[in-house]
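A short write-up of the structure that comes next.
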Amino acid sequence: MIYTNWVRQCYFIGYNSLPLVGITGFIMGLVLTIQSRPTLASFGAESWLPAMVSVSIVREIGPVITGIICAGKVGSSIGAELASMRVTEQIDAMEVSGINPFNYLVVTRVLAATVMLPLLTIYSDCISLLGSFFGVNISGDVSFQLYLSQAMAELQFSDIVPSLTKTVFFGLAIGLISCYQGYTAAKGTVGVGKSANSSVVIASLLIFIIDMLAVQVTSLFI
Amino acid sequence: MDESTSSSNNTVIDVKHLCKSFGDKQILQDISFQITKGENLVILGKSGSGKSVLIKCIIGLLPIDSGKILINNTVMNEANLSQLNEVRKAVGFLFQSGALYDSLSVMENLVFPLRRKAILKRDQLLAAEEVLKSVGLIDIADKMPSELSGGMRKRLGLARTLITKPQFIFYDEPTTGLDPITSNEISELMNSIQQQFKTTSIIITHDMACAHTTANRMLVLDEGKVLVEGSFDELSQLDNETVKAFFKI
Ligand SMILES: Nc1ncnc2c1ncn2[C@@H]1O[C@H](COP(=O)(O)OP(=O)(O)OP(=O)(O)O)[C@@H](O)[C@H]1O
Ligand SMILES: [Mg+2]
């Protein structure tokens, strides 16, 4: 029962975020490429464009943008949903029917967010690279194969692993914060709005803080 | 049962000197009463007199300030979660608001309380159809709660309460918002459940017809205290302003 609910939450959190994460990822890749081109061109280093863009996307932009988008989309929906369940006594009803609402509602959502964030980030990274490929080709003619080999040239294992690891914590933060805010919502519809709002605000802030800590920790090892 | 058995052995719900406040606001003051096995206790009281708070305290949803609550000899206000769950297995609770699960369909709402019991899917569906029919709802199994009318939601909440065939049922305004015909049917249903399964119930209501049909004993709450206690006929004779107001039709 808990497992099926977890799968359901993964579907809501992961699958339903694909369009939004995809579109923003594509635009970020495209824009970053277009804007970086003149600077690199002035150094005569245009061929570095794919590599530079891919490194910044994989290390930083992909994870953070995905995190922020999910903090907004997932955080607000979890916060509002749990808060309205609290306010309309649905959580109390679960409790009296002997089903542990904490396991059923909170644990499933936190785990789903933690698992889905890295997957969404991988997806977003790939779409961003695609966007960047289009960006490169606006004023150039690079085959997809050449683009890929250029983009991957500078990417290392030590770029990918830390950046995906931090997204696990992004997911955890989004899940924990929004569930906490929703689960402990104050009575009344005002409580629902407040929970949704503070879920997004606190989760977004935490994502930047985790990101900053992650950079510090990573630099210790690499 | 042997007549010589003392009445306290039959007491299944025992509330002793219950006090409850929210912040500075004292809601319940020194409430004491007992319910014997198989009895329907109707609680009357003005809006805001603390009736809903009282039954939530009894089932352990709200912490109490002082006093003692026993259900089947389990001290509810000191029980740990597994003890609470053990008692709650035997309890059905109809929330005043219905407390339907918005994200689940009518059928999923109904079988939700059965999940913790090892019951075959097919038997769950049969049980669900049976309770739906008993509250007069048909052909709505696939609808979502948001698509139902107020009265239908109330009856669905009732059906969900009854599906586990609980030994104790707490009804918070079971007939509010229903037409008199359905209201009567629900009252009759509550009675027949009591007789068939020997259930013990607390019924909160403003509906005197429902009270008349279901009550074995009644209790009037006023300003956080128990004002009077007695049978329907006894209370209807009383010369007290508040009590009279309820019986005036
Ligand atoms: N969670 C809460 N926090 C603070 N005060 C509360 C809370 N729940 C109830 N109250 C207060 O307790 C009092 C009793 O509320 P309760 O819901 O028990 O009334 P009631 O007797 O059921 O009334 P009604 O017939 O309208 O349902 C009210 O004054 C209400 O303001
Ligand atoms: Mg009430």
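For residues that are crowded, with 24+ Cβ neighbours inside 10 Å and away from ligand 1 (no atom under 12 Å from the Cβ), tally how many sit in the stretch B:39-57.
1
Inspect the stretch A:67-74 for any residue being part of a helix (DSSP H, G or I) and closer than 30 Å to residue B:61 by Cα and give the result as yes or no. Give the steps one after another, and end with the answer.
To start, the set of residues in the stretch A:67-74 that are part of a helix (DSSP H, G or I) comprises A:67-74.
Within this subset, residues satisfying the condition of being closer than 30 Å to residue B:61 by Cα are A:74.
Checked against the condition, which is being part of a helix (DSSP H, G or I) and closer than 30 Å to residue B:61 by Cα, the stretch A:67-74 yields at least one hit.
Do we find a residue being within 16 Å of ligand 1 (Cβ to nearest atom), over 24 Å from residue B:89 (Cβ atoms) and outside any helix (DSSP H, G or I) anywhere in the stretch B:177-190?
Start the filter on the stretch B:177-190 by keeping residues that are within 16 Å of ligand 1 (Cβ to nearest atom), which leaves B:177-178.
This time we only want the ones that are over 24 Å from residue B:89 (Cβ atoms), so: B:177-178.
Filter once more, keeping what is outside any helix (DSSP H, G or I): B:177-178.
Yes, the stretch B:177-190 has at least one match.
State the number of residues belonging to the stretch B:191-210 that are surrounded by fewer than 19 Cβ atoms within 10 Å (Cβ to Cβ), within 16 Å of ligand 1 (Cβ to nearest atom) and not in a helix (DSSP H, G or I).
Within the stretch B:191-210, residues that are surrounded by fewer than 19 Cβ atoms within 10 Å (Cβ to Cβ), within 16 Å of ligand 1 (Cβ to nearest atom) and not in a helix (DSSP H, G or I) number 1.
State all residues of the stretch B:22-55 that are within 13 Å of ligand 2 (Cβ to nearest atom), within 14 Å of chain A (Cβ to nearest Cβ) and farther than 18 Å from residue B:72 by Cβ; if no residue qualifies, say none.
Passing the criteria: B:52, B:53.
Would you say residue B:155 is part of a helix (DSSP H, G or I) and within 12 Å of another protein chain (Cβ to nearest Cβ)?
Details: part of a helix (DSSP H, G or I): yes; within 12 Å of another protein chain (Cβ to nearest Cβ): no.
Taking the combined requirement at face value, the residue does not satisfy it.
Mind telling me which of the residues B:227, B:219 ends up being surrounded by 21 or more Cβ atoms within 10 Å (Cβ to Cβ), farther than 26 Å from residue B:156 by Cα and touching a strand residue (DSSP E or B) at 6+ places or on another chain (Cβ under 7 Å)?
Values: B:227 fails: surrounded by 21 or more Cβ atoms within 10 Å (Cβ to Cβ).
One residue alone meets the criteria, B:219.
Filter the stretch B:77-97 down to the residues that are more than 7 Å from every other protein chain (Cβ to nearest Cβ) and assigned to a loop (DSSP other than H, G, I, E, B), then identify the one that is surrounded by the fewest Cβ atoms within 10 Å (Cβ to Cβ). Lay out the reasoning, then the answer.
Here is the first cut: in the stretch B:77-97, the residues more than 7 Å from every other protein chain (Cβ to nearest Cβ) are B:77-84, B:86-87, B:90, B:92, B:94, B:96.
Those still in the list that are assigned to a loop (DSSP other than H, G, I, E, B) too: B:77-80, B:90, B:96.
On the way: B:77: 16, B:78: 10, B:79: 17, B:80: 8, B:90: 18, B:96: 18.
Looking at the filtered set, the residue picked out is B:80.
Identify the single condition in (1) away from ligand 2 (no atom under 16 Å from the Cβ); (2) part of a loop (DSSP other than H, G, I, E, B); (3) surrounded by fewer than 21 Cβ atoms within 10 Å (Cβ to Cβ); (4) not charged (D, E, K, R) that residue B:100 does not satisfy, given that it satisfies every other one.
Against the list (1) away from ligand 2 (no atom under 16 Å from the Cβ); (2) part of a loop (DSSP other than H, G, I, E, B); (3) surrounded by fewer than 21 Cβ atoms within 10 Å (Cβ to Cβ); (4) not charged (D, E, K, R), residue B:100 comes up short only on (3).
Answer yes or no: is there a residue in the stretch B:107-118 that is away from chain A (no Cβ under 14 Å) and outside any strand (DSSP E or B). Don't jump to the end; show me each part of the working.
Going through the stretch B:107-118, the residues away from chain A (no Cβ under 14 Å) turn out to be B:107.
Applying the additional criterion that residues be outside any strand (DSSP E or B) yields B:107.
Within the stretch B:107-118, one or more residues are away from chain A (no Cβ under 14 Å) and outside any strand (DSSP E or B).
Going by the conditions given, is residue B:62 more than 16 Å from ligand 2 (Cβ to nearest atom), of a type in the set (A, V, I, L, M, F, W, C) and free of Cβ contacts under 8 Å to residues at least 60 places away in the same chain? Explain how you work it out, then say what you get.
Working: more than 16 Å from ligand 2 (Cβ to nearest atom): no; of a type in the set (A, V, I, L, M, F, W, C): yes; free of Cβ contacts under 8 Å to residues at least 60 places away in the same chain: yes.
Spelling it out, it is not the case that residue B:62 is more than 16 Å from ligand 2 (Cβ to nearest atom), of a type in the set (A, V, I, L, M, F, W, C) and free of Cβ contacts under 8 Å to residues at least 60 places away in the same chain.
Quick note: the coordinates plus some simple rules give every number you see, no bench work behind them. Worth saying up front: this structure is predicted, and the values here are computed from it rather than measured. Note that each Cβ is placed from the backbone with ideal geometry, even for glycine, and that neighbours are counted across all protein chains shown.
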